[in-house]
1. Find the relative contact order for the chain and round it to a whole percent, using C-alpha pairs within less than 8 Å whose residues are 6+ positions apart.
2. Along Cα→Cβ, 7 Å out, is where each label goes; now give me the distance between the ones at SER217 and SER106 in nm to one decimal.
3. List the aspartates and glutamates whose Cα lies under 18 Å from the Cα of LYS125, skipping any in the same chain that are fewer than 8 positions away.
4. Extension gain ASP124-ASP47, at 0.36 nm per residue separation less the Cα-Cα distance, in nm?
5. Evaluate the relative contact order of the range 165-256 (contact order divided by residue number), counting alpha-carbon pairs under 8 angstrom at least 6 apart; express in whole percent.
6. Report the gain in length on full extension from ARG26 to TYR192: 0.36 nm times residue separation, minus Cα-Cα distance, nm rounded to one decimal.
7. Which net charge results when you count Lys and Arg as +1 and Asp and Glu as -1 among the other residues whose beta-carbon is under 15 Å from that of LEU236?
8. Output the pairs from LYS48/LYS156; LYS104/LYS156; LYS31/LYS77; LYS81/LYS187 with a Cα-Cα distance over 31 Å in this structure; if there are none, say none.
Amino acid sequence: MKNFLFISIFLSLFLRINPVLSLEDREVLFKDALSASSIGQFEISLDKWNQYLEKFPNDAAALSNRGNVKLVLGDPKGAIKDQNNAINLDGNELDPYINRGIAKESLGLWLDAKDDYSFVISRDKDNFSAMYNLANVEGSLNNWENARELYDNAAKTNPGFAMARSSLALADYELGNFNKSEQELRKLIRRYPTFVDARAALTALTWSKGNYGEAESNWVAVIELDPRYAEEDWLLEVRRWPPAPVRDLMKFIALK
């Protein structure tokens, strides 16, 4: 009886000294990790996700978010592992499939990424993020007709998705649909005057048509907004423009 009483007192003291985290505390830890990544503090965010997942290792959303941070920090294989674990825990949540596809794209695993995006669309036909990313993959595989259709669908599903509309115009540019491309780019610039992607594309297109003054005017704005558009490798490998507008833009820059 004395031993039982001693153990009971010990357990009572232990629980008071080491309280189980409340739901509110758990939410605070989660939000802290998410907030750090949202403001670009990725190293801090990774530490916070690690701490959170030590306590809650079966939280699929946390695993997926940590995977995104790992990708930003240059660890795509670690990112894929986290997304795999998130999917194993909750296969009905679609975001980890998209996030895993993005990580696979960073490794040039186009067909594997395509499988992830296609799966998401099979479950959610209006998922514009999956459509847009699948279009990027089709472009990387040089399937520009397929890419154009997917960009168009993404833009129609989410009319405010400016990058999808700009990518649609670039796909039209690649396919020789120059009037459609120009019309879309001009609409974008009227609505979003500082949208650099559309201005850079219009620079290339107007220069290729001999409208040199307008090309120069747009290019001044582009360089002020984002000088990376002058880098051929960045355009092809990171932004992943089609070859034709990149060639025209590089010719324009070379003749300046």
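1. 9 percent
2. 4.1 nm
3. GLU93, ASP95, ASP115, ASP116, GLU138, GLU149, ASP152
4. Contour length minus Cα-Cα distance gives 24.4 nm.
5. This gives 27 percent for the range 165-256.
6. So the extension gain works out to 55.7 nm.
7. Once all neighbours under 15 Å are counted, the net charge is -3.
8. LYS48/LYS156; LYS81/LYS187
Coordinate-derived values only; no laboratory data. Just so you know, these numbers come straight off a predicted model, no measurement behind them. Cβ coordinates were reconstructed from backbone atoms using ideal geometry, including for glycine residues, and neighbour counts include every protein chain displayed.
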